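Read through the structure below, which is laid out as structure tokens, and then see the notes.
We did not get these values from a lab; they are worked out from the coordinates using the rules stated. All values reported here derive from a predicted model rather than from experimental measurement. Ideal geometry is used to build each Cβ from the backbone, glycine not excepted, and the neighbour counts take in all protein chains shown.
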Amino acid sequence: MKEYLKLMRHVRDNGVKKEDRTGTGTLSVFGYQMRFNLQEGFPLVTTKKCHLKSIIHELLWFLKGETNIAYLKENGVSIWDEWATDEGELGPVYGHQWRSWDRGDGTSVDQIAELIEQIKTNPDSRRLIVSGWNPAVLPDTDYSPKENAAMGKQALPPCHTLFQFYVLEGKLSCQLYQRSGDIFLGVPFNIASYALLTMMVAQVCNLEPGEFIHTLGDAHLYSNHLEQVELQLSRTPFTPPTMKINPDVNDIFGFSFDDFTLENYQSHPPIKAPVAI
Ligand code: THF
């Protein structure tokens, strides 16, 4: 995971002070790309201990098409609590756009089901795309995330905006365009989540995992994470772990938490940091 530390160092050294919606302040760079070869191990950051349980449950929750945090709460995951209404609603966020994008005529598109079908039947396609960005349901900036969710808008516009798959020589690669990346807290989650999604899609399509390519728009370090960043940059990464997925699952909607086993995850201790809301 030298790639991740390289990003962190690049933004620490070259980022420019920029104000943001949350009022926290950041060091920011526009445009950055990382590549992870999924044949060389699972890209979970090792220079701090990462909570893979939250990452897996969040991804399963997206794939279920759910937008209420109830499933996450039942599984002890609290990473979306700050933005949800008292009833646990987030509005039509990722899960809704992935599984039931509203056509406006009473029908909807299951982008994930269509993606799998297209990868299986038309692997050379250059349209293997899933979009979370739906301008019709973006939040109204005059209101808070919770107020937007209560009004049926997205609590937050999707950070991971659009992803595309690519099949070559029996290998499946995925590229994510992430409009906004919180390098210290969010990005380790985002890398592991999309690497895992790529492996899951590859398995159900009878392909080998290829690369995960992570393209960032506004890549930033929050001003209240800078001490944590120095600590993390002082650490030497370990050899990446290995992810084992139950080979019997052949339906993208058929995975459960127990189908994933992380092996040989050696990491430095966790580093706590406040999340900007
Ligand atoms: N807002 C901000 N400011 N940063 C983000 O990374 C972010 N997200 C999601 C939506 N809004 C965001 C929420 N994802 C943590 C991790 C991911 C999150 C939110 C919070 C977090 O606090 N992680 C801690 C604790 C882990 C745990 O409890 O499991 C950590 O140390 O990693 C990016 O998608």
Legend entry - In segment 54-92, the residues that are within 15 Å of the chain's Cα centre (by Cα), in contact (Cβ under 8 Å) with a residue 60 or more places away in the chain and within 12 Å of the ligand (Cβ to nearest atom): Ser54, Ile55, Ile56, His57, Glu58, Leu59, Ile79
Legend entry - Qualifying residue in segment 6-16 (condition: surrounded by 13 or more Cβ atoms within 10 Å (Cβ to Cβ), within 17 Å of the chain's Cα centre (by Cα) and either part of a loop (DSSP other than H, G, I, E, B) or among the hydroxyl-bearing types (Ser, Thr, Tyr) (or both)): no
Inset, instruction - For segment 165-182, state whether one or more residues are under 11 Å from the mean Cα position of the chain (by Cα), within 16 Å of the ligand (Cβ to nearest atom) and part of a helix (DSSP H, G or I). - result: no
Inset, instruction - Could you please find all residues in segment 246-270 being surrounded by 17 or more Cβ atoms within 10 Å (Cβ to Cβ) and either closer than 18 Å to Arg12 by Cα or of a type in the set (Val, Ile, Thr) (or both)? - result: Ile252
Inset, instruction - Report yes if Leu38 is within 20 Å of the chain's Cα centre (by Cα), more than 16 Å from the ligand (Cβ to nearest atom) and of a type in the set (A, V, I, L, M), otherwise no. - result: yes
Inset, instruction - Would you mind stating whether Leu63 is assigned to a helix (DSSP H, G or I) and surrounded by 20 or more Cβ atoms within 10 Å (Cβ to Cβ)? - result: no
Legend entry - Filter result for Ala113 (over 13 Å from Lys153 (Cα atoms), over 17 Å from the mean Cα position of the chain (by Cα) and part of a helix (DSSP H, G or I)): yes
Inset, instruction - Only residues in segment 136-158 that are without any contact (Cβ under 8 Å) to a residue 60 or more places away in the chain and closer than 9 Å to Gly91 by Cα count as the first member; pair them with residues that are surrounded by 14 or more Cβ atoms within 10 Å (Cβ to Cβ) and of a type in the set (A, V, I, L, M, F, W, C), Cβ under 6 angstrom, at least 6 apart or cross-chain, and list the lot. - result: Asn148/Ala155
Inset, instruction - Considering only segment 1-21, state which residues are of a type in the set (Val, Ile, Thr) and under 20 Å from Asn190 (Cα atoms). - result: Val11
Inset, instruction - Quick one: count up the residues across segment 93-119 that are among the aromatic types (Phe, Trp, Tyr) and in contact (Cβ under 8 Å) with a residue 60 or more places away in the chain. - result: 1
Legend entry - Looking only at segment 241-277, and only at residues there that are within 16 Å of the ligand (Cβ to nearest atom) and among the hydroxyl-bearing types (Ser, Thr, Tyr), the one that is nearest to Tyr143 (Cα to Cα): Ser267
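It is to be established whether one or more residues within segment 223-231 are within 19 Å of Phe36 (Cβ to Cβ) and β-branched (Val, Ile, Thr). Steps first, please.
First pass over segment 223-231, keeping only residues within 19 Å of Phe36 (Cβ to Cβ): none.
So far as segment 223-231 goes, no, none of its residues is within 19 Å of Phe36 (Cβ to Cβ) and β-branched (Val, Ile, Thr).
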Legend entry - Conditions (1) crowded, with 17+ Cβ neighbours inside 10 Å; (2) more than 14 Å from the ligand (Cβ to nearest atom); (3) of a type outside the set (A, V, I, L, M); (4) outside any helix (DSSP H, G or I); number of the one not met by His96: (4)
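Count, please, the residues in segment 205-227 that happen to be within 18 Å of Phe42 (Cβ to Cβ) and either in contact with a helix residue (DSSP H, G or I) (Cβ under 9 Å, 6 or more places away or on another chain) or within 11 Å of the ligand (Cβ to nearest atom) (or both).
The qualifying residues number 7.
What is the residue count in segment 257-277 for residues that are under 15 Å from Arg235 (Cα atoms) and either assigned to a strand (DSSP E or B) or among the β-branched types (Val, Ile, Thr) (or both)?
Total meeting the criteria: 1.
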